[in-house]
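Take a look at the structure set out below.
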Amino acid sequence: MKNNIKFDDNLLQICVNSGIINIDNVLDLIMANKREKLKKAHKYAITPPNKGNKYWFTYYKKENAKRILVRGYSENELLDKLIKLYESDQNLENFTFYKLYLEWLEYKTPLTNSPNTIKRHRQHYTKYFEPSKLHDMKLSAIDTLLLETECNRIVKEFNLSRKDWVNAKTILNGMFDFARRKKYITENPLEDVRISVKYRQVVKKTGKSQTFNTDELTALNDYLDNMYEQTKDSAYIAVKVNFLLGLRVGELVALKTEDILENQIHVVREEIRDQETNQCYVVEHTKTNDDRFVVLVPKAKALLDKLDKSGTYLFERDGERLRARQIAYVLEKYAERQGIQTKSTHKMRKTYASMLNANGVPLDAIREQLGHTELSTTLSYIYNPLTEQETFSLISGAL
């Protein structure tokens with residue numbers, strides 16, 4: 001008659017501590033049992049060393065994959081390697097798409113400087129993939145055709161534009177590339193996925209909405225000059241000077257006096273906002289993790305010479321660093337007074353790029369000034385910043 005004794009972790013620990021059970025012997029017994037079972041179940045021959053080979057060896061094959069050679073200096077070492085492979089595959093058998101997402105996000109978080117990027121990944125996953133059939137599926141069951149069906153359904157159901165889908169697909173690309181590198185899968189099923197449904201058509205942006213044209217800049221600069229004379233608030237200088245520097249607004253408000261060189265500004269840090277706490281703080285790197293030198297033209301230098309440079313940061317108010325939000329507020333207040341639609345701080349950067357392009361500065365030089373890695377990104381910043389009359393005159397002259 002069997003004793004119905006219930007063991008728990010505490011009881012096991014007591015037995016080990018008191019010497020009733022030798023834990024090493026127990027572990028050895030468990031491994032020996034696993035080895036014996038494996039020898040009976042393993043379908044490839046286990047070959048001992050011979051004259052031309054000092055290893056024990058056999059083969060191992062995953063489903064839908066090529067077989068691999070497994071070697072060990074002893075039979076037990078070989079069997080232990082096989083046990084790890086079989087157990088790993090068994091765990092992967094129950095590994096779901098959602099578990100992969102969580103593991104990828106945990107890997108990605110410390111590698112990403114912007115907490116907003118991680119927040120965006122979470123939002124996109126919750127919106128697009130959590131309600132999909134992919135969420136609970138085993139990773140091993142997801143192939144290209146099934147993935148293609150789900151991707152097309154998501155684009156159609158959510159009426160996504162091409163850009164919307166590229167943003168959402170970033171999660172899938174990251175997850176499957178991570179899974180491939182971890183050897184959970186042998187190839188990325190997303191690589192052959194085709195979107196055949198129609199993307200939502202987006203009205204193409206123009207220079208009128210994306211840049212400040214020359215007439216608008218003249219009116220805005222007059223306002224900024226007037227407000228600076230009245231208040232001596234460095235925010236008005238910051239807005240004026242950024243049309244001549246083209247910095248990200250977070251880089252602009254993180255500038256220090258020491259960053260100003262003879263004919264350049266050294267861009268090495270930026271302000272970021274934590275979306276969870278809504279707190280702003282400066283980090284010692286730029287968005288791309290690369291510092292850069294931006295040309296400091298004489299007009300910009302003259303504007304900076306007006307500033308009190310006794311503080312830590314270049315743009316301060318009452319001894320405190322200006323925030324990106326305060327720069328945006330200047331543009332909002334101007335638009336409100338003029339009765340026009342507000343143009344964002346990012347459009348200062350687009351105006352800078354567009355003005356350089358309109359005046360013949362090489363595209364690659366513009367890319368370097370903006371701190372872009374890819375020229376394609378720079379091209380997306382360039383619009384026509386000229387008035388209709390200026391454009392007419394330019395075309396007439398060219399023809």
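Odds and ends about this structure:
- Karplus-based coupling profile of segment 102-107, in residue order and whole Hz: 5, 5, 5, 5, 5, 5, with θ = phi - 60° in 6.51 cos²θ - 1.76 cosθ + 1.60 and x standing for Gly or Pro.
- Note on segment 339-389 and segment 131-205: Cα centroid distance 32 Å, given to the nearest whole angstrom.
- Per-residue HN-Hα couplings for segment 325-334 [Karplus 6.51, -1.76, 1.60; θ = phi - 60°; Hz; x = Gly/Pro]: 4, 6, 5, 4, 5, 4, 5, 5, 5, 4
- Among the GluC sites (Glu not before Pro) within segment 302-393, those in coil by DSSP and having at most 12 neighbouring Cβ atoms inside 10 Å are 374.
- Label point 7 Å beyond Cα of residue 295 along Cβ direction - residues of segment 220-251 with amide nitrogen under 16 Å: 242-247
- Ratio Rg/Rh [Cα only; Rh per Kirkwood] for segment 317-399: 1.08
- Annotation: residue 102 carries an accessible surface of approximately 80 Å², with a 1.4 Å probe and no ligand, DNA or RNA atoms counted.
- Relative contact order, percent, the chain [alpha-carbon distance under 8 Å, six or more residues apart]: 12
- Whichever aspartates and glutamates have a C-alpha closer than 17 Å to that of residue 205, once near sequence neighbours (fewer than 8 apart) are set aside: 164, 388
- Karplus-based coupling profile of segment 212-223, in residue order and whole Hz: 8, 6, 4, 5, 5, 5, 4, 5, 5, 5, 4, 4, with θ = phi - 60° in 6.51 cos²θ - 1.76 cosθ + 1.60 and x standing for Gly or Pro.
- Put simply, the C-alpha atoms of the chain give a gyration tensor, and the ellipsoid matching it has half-axes of 61, 27, 21 Å, longest first.
- For segment 118-162, the normalised intensity computed at q = 0.19, 0.27, 0.34 Å⁻¹ comes to -0.64, -1.08, -1.18 (log10 of I(q)/I(0), Debye sum over alpha carbons, equal scatterers, no solvent).
- Annotation: residue 305 carries an accessible surface of approximately 110 Å², with a 1.4 Å probe and no ligand, DNA or RNA atoms counted.
- For residue 137, the amide hydrogen comes within under 5 Å of the amide hydrogens of 97, 98, counting only partners 5 or more places away or on other chains and with H modelled in the peptide plane.
- Computed with a 1.4 Å probe over protein heavy atoms only, the accessible surface of the chain comes to 62 Å² per residue.
- Taken over segment 163-263, the convex hull of the Cα atoms encloses 211 Å³ per residue.
- Value at 222 nm in deg cm²/dmol, rounded to 500, when DSSP H runs of n ≥ 4 in the chain each add -39,500 (n - 2.57): -15500 deg cm²/dmol
- Amide H contacts under 5 Å for residue 195: none, restricted to partners 5 or more places along the chain or on a different chain, H placed in the peptide plane at 1.01 Å from N.
- Legend: residue pairs 299/333; 240/301; 43/182; 198/347; 119/183; 309/343, Cα-Cα distance threshold 18 Å; pairs beyond threshold, 299/333; 43/182; 198/347; 119/183; 309/343.
- For the pair residue 71 and residue 133, label points projected 7 Å from Cα toward Cβ lie 4.5 nm apart.
- Considering all different alpha carbon pairs of segment 239-306, the Kirkwood hydrodynamic radius works out to 12.6 Å.
- Grouping the Cα pair distances of segment 147-203 into 5 Å bins from zero gives a pair-distance distribution of 4, 20, 26, 22, 14, 9, 4, 1, 0 percent in increasing distance order.
- Close amide H contacts of residue 317 (hydrogens built in the peptide plane, cut-off under 5 Å, sequence separation of 5 or more or a different chain): 322.
The values are calculated or read from the model by the stated rules, or taken from the named source; none is laboratory data. Treat the numbers as computed from the prediction; the structure is a model and nothing was measured. Cβ atoms come from the backbone with ideal geometry, glycine included; neighbour counts cover every protein chain shown. Calculation scope for accessible area: heavy atoms of the full protein, side chains included, ligands and nucleic acids excluded. Shrake-Rupley method; radii C 1.70, N 1.55, O 1.52, S 1.80 Å.
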